[in-house]
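Written out below as structure tokens is the structure these notes cover.
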Amino acid sequence: MANFLIKKEGDYQFSLLFVWKDSLREMEEQEEIFGSGGVPIEMGESNFEGNKGVPIPLDLRLVKDGTLLLEERVDTSGVAYYQSFEYEGSSKSAAGRLIKNISLEPGNYFVEVRTVIDIKEFAGGESYIKFAYYKPKI
């Protein structure tokens, strides 16, 4: 759950970030779970040629200025991108799994993302929800 303020109208992206472990063996095991391949295309779709990994069904709820804007079940799979980031002084490398791309207008928002069921393959792994302005280069 998070509250945030949008100041600029545009396209935004919600994603799951799965942090890679340190050893090659562990990373190979993680790749089977996270999935591989896939290039983000039209608003929320992905073109996967590789392993889709273990799917994660999510409930996504988005409220704007006190009014329910979106409430839906999203089935996530595969990896759409990879990225590195800093968190609490540590450098992290992660696989990114798309939840949803959405156009938003300025306003105060509240988002809630919940797993529908426990997925044992992801238990104990380090993961994050990412929200970012999204303007793909064509």
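The values are calculated or read from the model by the stated rules, or taken from the named source; none is laboratory data. Not measured: the values here are computed from a predicted model. When we count neighbours, we look across all protein chains shown, and the Cβ atoms used for this are built from the backbone with ideal geometry, even at glycine. We work out accessible area using only protein heavy atoms, side chains counted, and drop any ligands, DNA or RNA first. Shrake-Rupley method; radii C 1.70, N 1.55, O 1.52, S 1.80 Å.
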Subset of the stretch 20-43 (residues that are at pLDDT 90 or above and among the β-branched types (Val, Ile, Thr)): ILE33
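Please specify each residue of the stretch 86-96 satisfying the condition of being assigned to a strand (DSSP E or B), without any contact (Cβ under 8 Å) to a residue 40 or more places away in the chain and not hydroxyl-bearing (Ser, Thr, Tyr).
GLU86
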Residues located in the stretch 128-137, provided they are exposed (fewer than 13 other Cβ atoms within 10 Å of the Cβ) and either among the aromatic types (Phe, Trp, Tyr) or touching a Pro at 6+ places or on another chain (Cβ under 6 Å) (or both): TYR133
Inter-residue pairs, beta-carbon under 7 Å, first open to solvent by less than 60 Å² (accessible area, probe 1.4 Å) and outside any helix (DSSP H, G or I) and in the stretch 23-36, second at pLDDT 90 or above and not aliphatic (A, V, I, L, M), 6+ apart: GLY35/GLY53; GLY35/SER77; GLY35/GLY78
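How many residues are aliphatic (A, V, I, L, M) and either open to solvent by 50 Å² or more (accessible area, probe 1.4 Å) or free of Cβ contacts under 8 Å to residues at least 40 places away in the same chain (or both) if we restrict to the stretch 97-127? Explain how you work it out, then say what you get.
Of all residues in the stretch 97-127, those aliphatic (A, V, I, L, M) come to 98-99, 102, 104, 111, 113, 116-117, 119, 123.
Applying the additional criterion that residues be either open to solvent by 50 Å² or more (accessible area, probe 1.4 Å) or free of Cβ contacts under 8 Å to residues at least 40 places away in the same chain (or both) yields 116-117, 123.
Count: 3.
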Residue list for the stretch 65-81, filter: assigned to a strand (DSSP E or B), more than 16 Å from VAL113 (Cβ to Cβ) and touching a residue at least 40 places away in the same chain (Cβ under 8 Å): TYR81
Members of the stretch 95-107 that are of a type in the set (A, V, I, L, M) and under 11 Å from the mean Cα position of the chain (by Cα): ALA95, LEU98, ILE99
Residue ID - farthest from PHE131 (Cα to Cα), chosen from residues in the stretch 79-102 that are in contact with a helix residue (DSSP H, G or I) (Cβ under 8 Å, 6 or more places away or on another chain) and of a type outside the set (Val, Ile, Thr): ALA95
